[in-house]
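The values are calculated or read from the model by the stated rules, or taken from the named source; none is laboratory data. It should be emphasised that the depicted structure is a prediction, and the values quoted were computed from it without experimental measurement. Heads up, the Cβs are rebuilt from the backbone with ideal geometry, glycines too, and the neighbour counts pull from every protein chain shown.
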Amino acid sequence: MSLKLADIFKDLGYRQILVERLSSCGEVLKFIQQQDGSLKLYQAYFCKNKLCPMCNWRRSMKYSYQTSRIVDEAIKQEPNARFLFLTLTVRNVDGEDLNATLSQMTQAFNRLFKYKKVQKNMLGFLRSVEVTYNEKEKTYHPHIHVLLMVKSSYFSGKDNYISQKEWGEMWSKSLKVDYYPIVDIRVVKQSYQGIEKAIVETAKYPVKPMNLDVTDKQVVDDLYHGLYRKRQLGFGGLFKVIKKQLELDDIENGDLIHTSDKNELSEGTKIVAIWNATKQNYFII
Ligand SMILES: [Zn+2]
């Protein structure tokens with residue numbers, strides 16, 4: 001898929017260096033075979049292109065690993081906390097407006113989270129920006145998923161509790177738009193599975209693997225420009241503090257070789273796998 005994407009970028013006339021990076025992404029993989037026979041990746045080149053399916057797969061693994069660790073620790077520190085799942089949307093936009101809309105949404109998000117009523121019971125949050133494509137209308141649907149950790153007092157009385165309507169009004173004001181954007185807020189079931197599910201929902205890596213056979217080139221071009229220099233993941237409050245304490249690496253731009261703990265490299269046989277374009281598979285040398 002990375003190779004297919006590289007071809008699309010090439011056809012679109014993108015710089016050769018970008019095309020080369022994409023096509024050599026994950027071409028050579030060096031593993032250490034552990035005692036139990038499993039392979040542990042220790043060296044590889046990943047292109048870090050925002051749309052690269054290979055890199056986004058690595059990022060999503062890293063993201064779910066990090067968020068689970070952060071949330072586990074946050075629950076240890078605040079055992080009475082509750083979780084909410086918030087989705088913030090805007091009206092669909094054309095490709096050329098995607099980049100500006102994403103900037104506008106980030107600013108609006110910061111404004112929303114400065115509201116006293118939001119701040120009041122908030123302990124931490126993680127947010128991810130996702131963009132989906134409407135094939136029929138040829139428009140984009142950028143939206144923000146937020147996993148919120150709140151004090152249990154959030155549910156006590158009108159002064160604390162924020163209804164869906166109130167979230168919608170505050171989001172509309174924060175966006176500075178004259179319509180009511182769709183907002184969804186739900187309480188996460190207070191069970192391990194419930195919280196895990198919400199994490200997975202938030203932690204789905206922002207750009208879904210594209211079906212490159214049907215995706216027209218324009219979509220690739222629009223998404224590449226739209227997401228250019230955009231941060232899609234963010235941690236706030238207690239989550240941000242814990243992320244720092246645990247010394248977790250940056251997900252989007254950091255190391256994509258080690259998606260979980262870093263210092264666990266053990267001795268073992270080294271195995272090198274190289275992609276063979278004609279055979280469409282990896283071969284071990
Ligand atoms: Zn890549």
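Mind listing whichever residues of segment 114-149 are of a type in the set (S, T, N, Q), at pLDDT 95 or above and either assigned to a helix (DSSP H, G or I) or surrounded by fewer than 16 Cβ atoms within 10 Å (Cβ to Cβ) (or both)?
At the first step, the residues of segment 114-149 found to be of a type in the set (S, T, N, Q) are 119, 121, 128, 132, 134, 139.
Next cut, at pLDDT 95 or above only: 119, 121.
The one that is of a type in the set (S, T, N, Q), at pLDDT 95 or above and either assigned to a helix (DSSP H, G or I) or surrounded by fewer than 16 Cβ atoms within 10 Å (Cβ to Cβ) (or both): Gln119.
Against the list (1) over 27 Å from Lys50 (Cβ atoms); (2) modelled with pLDDT of 75 or more, the condition Ile182 fails is (1). Is there a residue being among the β-branched types (Val, Ile, Thr) and in a helix (DSSP H, G or I) anywhere in segment 150-165? The answer is no, given that none of the residues of segment 150-165 is among the β-branched types (Val, Ile, Thr) and in a helix (DSSP H, G or I).
Quick one: would you say Ile32 is more than 25 Å from Val272 (Cβ to Cβ) and not charged (D, E, K, R)? Spelling it out, it is not the case that Ile32 is more than 25 Å from Val272 (Cβ to Cβ) and not charged (D, E, K, R).
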